[in-house]
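Worksheet for the structure shown next.
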Amino acid sequence: MLDRLRAHAYTLAMTYAPYPALRLRRTRATAWSRAMHAENRLSASDFIWPLFVTDGEGVEQPIATLPGVSRWSVDGIVARAREARDAGIPCLALFPNTQADRRSDDGAEALNPDNLMCRAIRAIKDAVPDIGVLTDVALDPYTVHGQDGLLDPTGYVVNDATVDVLIGQSLNQAAAGADIIAPSDMMDGRVGAIREALEETGHANVQIMAYAAKYASAFYGPFRDAVGSRGLLKGDKKNYQMDPANGEEALREVALDLAEGADSVMVKPGLPYLDIVARVRDRFSVPVFAYQVSGEYAMIEHAAAAEAGDRDALILETLMAFKRAGCSGVLTYHALHAARLLEG
Ligand code: PBG
């Protein structure tokens, strides 16, 4: 410890000349110099764009609590995929607003090879094969109770039986052409089980991005509107999603998912959890992604609408914060807009 302190003091002394020999404002004085000294850069390739799929043809349904975001029918999703590719966005994340009559206690629609997700995946892979498709694995868009898994008679979300269904859901998505399986359910052991099933069924190159540290957050409200689960959900998800009080536990979650074969890990929500991103990056040196979730998006939009700040500047500053914290990329509803800002 003392050695480390001494080494640190030595480094400080060697690096920093005292004021006025050193004036940190010198390198900030001009735009060219600021550009030259920027430690991080944002580009369209940092973004994964979440999109909501709905049934029908030529349908656009604006989502009131996510101003500026709509659900699109599959044809619209394909059009968005083209826009994303043209803007340099490497990957889309898909979420279905499952038709009410296809929701059930056990979420069986998740296993239907012709469900909304699979139709959207196939259509994108057909029309825009050079963009990545990440698919969410969890049962909440398919259950009548809005929970991510199966319930026992007391309403508790059971783990192992849920994992069995999630395996089926993952294989269903992989068969439709998904490139990255992203389990967001927070069941124990699901990453290993899904990895094994993918290997056994000829999907060795399908990646897993684990929602490794996903918190039981109040920031998911607008998303639940978008997939139609908000009104259905009774109670909360605290017996499987993480307690916002916990940081060490996030590192255990990440360690487990990596040991089970996750190719990359995600922290979610984003901005309120940048400390977790930084700790994961420091500890594991693996690709870390963060999800700037629906409630965060809504906060920025409402702040901008109330003229509390400049919209574009708020968007780019928050996205840069993810890079500074150590993210390889960010899932953000602002992806297309931000990509175009960075282009222009
Ligand atoms: C479903 C899921 C949720 C989000 C992504 N996948 C909601 C939840 O866990 O209740 C939230 C994303 C967002 O708020 O933008 N398991």
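The values are calculated or read from the model by the stated rules, or taken from the named source; none is laboratory data. This one's a predicted model, so the numbers in the text were calculated from it and none came from an experiment. Counting neighbours? That spans all protein chains shown, and the Cβs are built from the backbone with ideal geometry, glycine included. Keep in mind that these areas ignore ligands, DNA and RNA; they rest on the heavy atoms of the full protein, side chains included. Shrake-Rupley method; radii C 1.70, N 1.55, O 1.52, S 1.80 Å.
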Between the alpha carbon centres of segment 38-67 and segment 147-210 the gap in Å comes to 24
Could you order TYR211, TYR273, TYR19, TYR156 so the one with the most accessible surface comes first? Probe is 1.4 Å. TYR19, TYR156, TYR273, TYR211
When the Cα atoms of segment 43-343 are enclosed in a convex hull and the volume is divided per residue, what value in Å³ results? 121
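Ignoring any ligand, DNA or RNA, what whole percent of the accessible area of segment 180-314 comes from carbon and sulfur when the probe is 1.4 angstrom? Please list the in-between numbers first.
On the way: 2800 of 5620 Å².
The value for segment 180-314 is 50 percent carbon and sulfur by accessible area.
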Of GLY76, GLY155, PRO287, which is farthest towards the positive pole of the chain's charge dipole, taken about the Cα centre with +1 and -1 on the beta-carbons of Lys, Arg and Asp, Glu respectively? PRO287
Heavy-atom accessible area of GLU317, protein chains in place, probe 1.4 angstrom, given in Å² to nearest 10, is 130
Past 24 Å, Cα to Cα, is the threshold; run LYS234/LYS268; LYS237/LYS323; LYS238/LYS268; LYS125/LYS237; LYS125/LYS214; LYS238/LYS323 against it and keep the listed order. LYS237/LYS323; LYS125/LYS237; LYS125/LYS214; LYS238/LYS323
Ignoring ligands, DNA and RNA, what accessible area per residue does the chain give at 1.4 Å, in Å²? 46
Quick tally, 1.4 Å probe accessible area for THR15, THR332, THR154, THR318, sorted with the most first, runs THR154, THR15, THR318, THR332
Segment 96-160: Kirkwood hydrodynamic radius (Cα pairs, Å) comes out at 12.9
